[in-house]
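The block underneath contains the structure these notes are about, expressed in structure tokens.
The values are calculated or read from the model by the stated rules, or taken from the named source; none is laboratory data. None of these values were measured; they are calculated from a predicted model. Please note: Cβ atoms are built from the backbone with ideal geometry, for glycine as well, and neighbour counts cover all protein chains shown.
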Amino acid sequence: MSRLTPLVVLLALAGCKGSGGVDAGSPGPDARWLQGALAPETGTPRDGGTLTVRLPLEPTGLTRLHDRFNEGTMVRLTVGPLYETLARAHDGQLTPLLAETWSETADALTITLRAGVKFHDGTELTSADVKATLDVVMDPAKPTAGFRAALDSLRSVETPDARTVVVRWSRPWFLARHTLLAALPVMPAHALQGDFDTLPIHRAPIGTGPFRFEKWEPGLSLSLVRADGRAHLDRVVFRFLKDEGAAMQAFEKGELGLMTRLTPSAWRSLETQPWAWQRSQRIFFEENAYAWLGFNQRKALFVDPLVRRALAMLYPAELVEKTVDLGLEPRTTCPYFPGSRSCDPSVQPLAYDPAEARRLLAAAGWGDSDHDGVLDREGVRFSFAFLAASQSVKMARLLPLFLDTLRHAGIEARIETVDVSAYLSRVRAHDFDAMALSWASADEVQDNFPNFHSSQAAQGNNYVGYSNPEVDALLERVRTELDADRRAALEREVHRRVYADQAYLFLGRRPALDAALRTVHGLKPSLGWYDLTAVWISN
């Protein structure tokens, strides 16, 4: 897990109707607006204009392959608009993109590339570029462990000619083809030469997508321009506005066409603002994303699952849902796509139960031997720090509530706040006691091996250091099971065991809470975000 001058014209307010049919004199928003459901498009797309998008965080780099930069928002900005994959995934099906065709045998995938595709610097796409991208991913000396874990069954890559790539597998894996074809952003071979950590492509991407990189002004914005005739917009500007209040003011003034990642409180506040429902439309859509609290299981405090279960029972879920999430982020227990057969519906969230939590802590050997109100065991106090990113509005509201219940149970916890870049660096270096993250996927099909397998605790995505040999074995079997029904049964068992162990303290499913001016059209939300080629601006 990878983030100025608007040309959007607002509708006049006096005595007119917006494109969504809201009368400026109407008493309030209609049901569709309240639900965040976009009105059907009736206009004819027009070319030109700039879409200015608010982002709450600035990316640290623009290359999905690098572990340090691989964060969900950055992936959305680059994979699709700037970089393309060999195929496009939609509704469980793969359709050709940079690949023209492909064929399979038991241990090989042969890909024929489209002819005449060029990178934004004018060089032609060849099989050498695909191989160079894969070579970087599979090099154990490079910080590409997150992606490498997803392709660890790759044995060799051959390029018999400029348009043919032959990938051979060491063993079958149900997601091998899918990951290589639909998730790998293909980059030019010449841009991947040199010290991987300092490659210019991390700051100035060179892809084949419908938009090309224009400029990155640190602390201000990132801009893309139309590369060819596949898009309507001339330009997309991603403006970095960490402060939500300032962002809402800019949105009200018409300086932003699309507001992303609204907090629940900001989402609700729009309902009371006449300008908002007159001149904008809210956008609510489900994402394959969930938030979690993680306790570093490399540390003696958190090794015992009984302790982690006790911590989950001290989490004030109902209070957080009412006062922080405002009913918009339902609790979850499952690390798979909601509603899929991979989730076991019988697994219910642990209830808030301080008495049972104290019993579990006592069973794990924690008591108040010196009667000072803080639990201890063998002379060690139950005291730790929650690492929090200073930009996280949710954690600023959630953690004090949680720490209060911990204190009443005899656990001494404090908040250590750092900038988001330092936060991510420390999480990847395992330099934390407890922290919060969220996982998101642009696909309904997913592999939890990188998140929970013990082999991924050193360099992969298993940041909390979770280890259970039985779960390891299940995750390995999931990867090699080609029958969908049997695989779903294995994944349900992974769900049950991971939740019983409290590998994470699962929080809630995060929907996308966005808002756009009514002059912005063609927004079609999906798991992969918006297709920016379909977006257009009306006068």
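Residues that are part of a loop (DSSP other than H, G, I, E, B) and either surrounded by fewer than 22 Cβ atoms within 10 Å (Cβ to Cβ) or among the hydroxyl-bearing types (S, T, Y) (or both) were ranked within region 449-459; the one that is modelled with the highest pLDDT is A457. Within region 301-316, does at least one residue satisfy the condition of being in contact with a helix residue (DSSP H, G or I) (Cβ under 9 Å, 6 or more places away or on another chain), under 25 Å from P525 (Cα atoms) and surrounded by 18 or more Cβ atoms within 10 Å (Cβ to Cβ)? No, region 301-316 has no match at all. For region 264-289, a residue qualifies if it is in contact with a Lys or Arg (Cβ under 9 Å, 6 or more places away or on another chain) and surrounded by fewer than 19 Cβ atoms within 10 Å (Cβ to Cβ), and the qualifying residues are S265, E271, E286.
Given the criteria in contact with a strand residue (DSSP E or B) (Cβ under 9 Å, 6 or more places away or on another chain), surrounded by 16 or more Cβ atoms within 10 Å (Cβ to Cβ), under 22 Å from K524 (Cα atoms) and among the aliphatic types (A, V, I, L, M), does A183 qualify? The answer is yes for A183.
I'm trying to understand the selection: among the residues of region 200-224, which are in a loop (DSSP other than H, G, I, E, B) and not charged (D, E, K, R)? Passing the criteria: A204, P205, I206, G207, T208, G209, P210, P218, G219, L220.
Given the criterion in the same structural domain as R497 (by TED's automatic domain parsing), more than 21 Å from the chain's Cα centre (by Cα) and modelled with pLDDT of 95 or more, identify the matching residue among R309, R341.
On the way: R341 fails: modelled with pLDDT of 95 or more.
So the residue among R309, R341 that is in the same structural domain as R497 (by TED's automatic domain parsing), more than 21 Å from the chain's Cα centre (by Cα) and modelled with pLDDT of 95 or more is R309.
For S467, the conditions (1) buried (at least 16 other Cβ atoms within 10 Å of the Cβ); (2) part of a helix (DSSP H, G or I) all hold with the exception of (2). Return yes when D107 is touching a strand residue (DSSP E or B) at 6+ places or on another chain (Cβ under 9 Å), farther than 17 Å from T179 by Cα and exposed (fewer than 14 other Cβ atoms within 10 Å of the Cβ) and no when it is not. The answer is no for D107.
Scanning region 118-127 turns up no residue that is under 29 Å from the mean Cα position of the chain (by Cα), buried (at least 20 other Cβ atoms within 10 Å of the Cβ) and assigned to a strand (DSSP E or B).
One line per residue, one yes/no per condition, for (1) surrounded by 20 or more Cβ atoms within 10 Å (Cβ to Cβ); (2) over 29 Å from A106 (Cβ atoms):
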site: G146; (1), (2): yes, no
site: S156; (1), (2): no, no
site: R163; (1), (2): no, no
site: W173; (1), (2): yes, no
site: L192; (1), (2): no, yes
site: D197; (1), (2): no, yes
site: A204; (1), (2): no, yes
site: K215; (1), (2): no, yes
site: G219; (1), (2): no, yes
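Scanning region 350-372 for residues that are surrounded by fewer than 18 Cβ atoms within 10 Å (Cβ to Cβ) and of a type outside the set (G, A, S) returns Y352, D353, P354, E356, R359, D368, D370, H371, D372. All of A512, A503, A516, A473 fail the test of being among the small types (G, A, S) and surrounded by fewer than 19 Cβ atoms within 10 Å (Cβ to Cβ), apart from A473.
Please specify each residue of region 213-239 satisfying the condition of being of a type in the set (D, E) and under 13 Å from L51 (Cα atoms). Walk me through how you get there before you give the answer.
Filtering region 213-239 for residues of a type in the set (D, E) gives 214, 217, 228, 234.
D234, the sole residue that qualifies.
For region 59-104, the set of residues classified as among the charged types (D, E, K, R) and crowded, with 16+ Cβ neighbours inside 10 Å consists of R64, D67, R68, E71, R76, E84, R88, listed by residue number.
The selection criterion, being under 26 Å from D197 (Cβ atoms) and hydrophobic (A, V, I, L, M, F, W, C), does not hold for A108. Restricting the first member to region 445-456 and to residues that are closer than 12 Å to V478 by Cβ and assigned by TED's automatic domain parsing to the domain that holds A503, and the second to residues that are charged (D, E, K, R) and part of a helix (DSSP H, G or I), the beta-carbon pairs closer than 6 Å and six or more apart or on different chains are H453/D472.
Looking across region 391-421 at every residue that is of a type in the set (G, A, S) and within 26 Å of P335 (Cα to Cα), the one that is surrounded by the fewest Cβ atoms within 10 Å (Cβ to Cβ) is identified as S421.
The residues in region 354-396 that are closer than 24 Å to V320 by Cβ, at pLDDT below 95 and charged (D, E, K, R) can be counted, and the count is 1.
Residues that are in a helix (DSSP H, G or I), among the aliphatic types (A, V, I, L, M) and either buried (at least 19 other Cβ atoms within 10 Å of the Cβ) or at pLDDT below 95 (or both) within region 247-263 comprise A247, M248, listed in sequence order.
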